[in-house]
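The values are calculated or read from the model by the stated rules, or taken from the named source; none is laboratory data. Computed from a predicted structure; not experimentally measured. As a convention, Cβ positions derive from the backbone with ideal geometry for all residues, glycine included, and neighbour counts pool all protein chains shown. SASA here: full protein model, heavy atoms, side chains in, ligands and nucleic acids out. Shrake-Rupley method; radii C 1.70, N 1.55, O 1.52, S 1.80 Å.
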Amino acid sequence: MELESHHAQRGFQYTGPPGLEYLSELDQLLVQQQKEILEIFTGWESQNKYKIVNTMGQLVYFATEDSDLCTRQCCGNLRGFNMPVIDTVGQEVMLFERPFSCTSAGCYCCYSCLQEMKIYAPRGQLIGSVHEHFDFCTPTYSVFDAMEQEVFKITGDTCAIACCGNDVNFMVLSSATGETVGRIQKQWTGMVREVFTDADNFSVTFPMDLDVKMKGVLLGALFLIDFVYFERNN
């Protein structure tokens, strides 16, 4: 069912990127990874595919990883990719761009080796970016707007892995006040699915009145966190 904005029904004048109008009415998105049967049985890494829905389970967007076969098999969760985000009528509304970055014990403290994600809406128009910080214990990220001003910090659980029966939380903090304003959560999906696949469920929450562009950037942060911590290398 195609979603229709209540703002549109009331004649609200939207001025943001095309295709992000509906985000103005949401304070949470749920992301469900779609796992290929062939990958489950063979371990052969395929392009990740995701459904992005609202809290009622209504489809909002699709997202599909765009990467080549060799990169997926050889570089594992460090691989670079583009990820177009498509709305329910097949139009691209955002693009997530993650460059390859070789993180290892020998170079992890080097800034150029830390993880990042750039978010465009529409393609070619940068609306923000997400950058990893080096920390031995706590996953830490900065979220920037299009003017490279830091808007949020993201800090994760010290043990950023899906332990038995537990969700994993990454808190979104305002850079201006230090207050918690949102959360990215890796949701426990059950023993069988957690052990035998890397198909993950996530949620991201943010203030209702947050600019839709920054909501899109936080969605990009969710995908970067998924790949860094929960994409298993086969």
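Going through the range 185-217 one residue at a time, which ones are surrounded by 15 or more Cβ atoms within 10 Å (Cβ to Cβ) and either in a loop (DSSP other than H, G, I, E, B) or modelled with pLDDT under 55 (or both)? Answer for the range 185-217, where residues must be surrounded by 15 or more Cβ atoms within 10 Å (Cβ to Cβ) and either in a loop (DSSP other than H, G, I, E, B) or modelled with pLDDT under 55 (or both): Trp188, Thr189, Arg193, Glu194, Thr197, Asp198, Ala199, Asp200, Phe206, Leu210, Asp211. Somewhere in the range 173-183, is a residue on the phi < 0 side of the Ramachandran plot, surrounded by 14 or more Cβ atoms within 10 Å (Cβ to Cβ), at pLDDT below 85 and not hydroxyl-bearing (Ser, Thr, Tyr)? Checking the range 173-183: not a single residue is on the phi < 0 side of the Ramachandran plot, surrounded by 14 or more Cβ atoms within 10 Å (Cβ to Cβ), at pLDDT below 85 and not hydroxyl-bearing (Ser, Thr, Tyr). Kindly provide the set of residues from the range 132-149 that are over 24 Å from Glu92 (Cα atoms), of a type outside the set (Val, Ile, Thr), open to solvent by less than 60 Å² (accessible area, probe 1.4 Å) and assigned to a strand (DSSP E or B), ordered by number. Within the range 132-149, Glu132, Tyr141, Ser142 qualify.
Per this entry, Ala160 is counted among residues that are open to solvent by less than 70 Å² (accessible area, probe 1.4 Å) and either modelled with pLDDT of 95 or more or farther than 19 Å from Ile52 by Cβ (or both). Of the residues screened, Thr42 is one that is of a type in the set (Val, Ile, Thr), open to solvent by 70 Å² or more (accessible area, probe 1.4 Å) and either at pLDDT below 95 or over 23 Å from the mean Cα position of the chain (by Cα) (or both).
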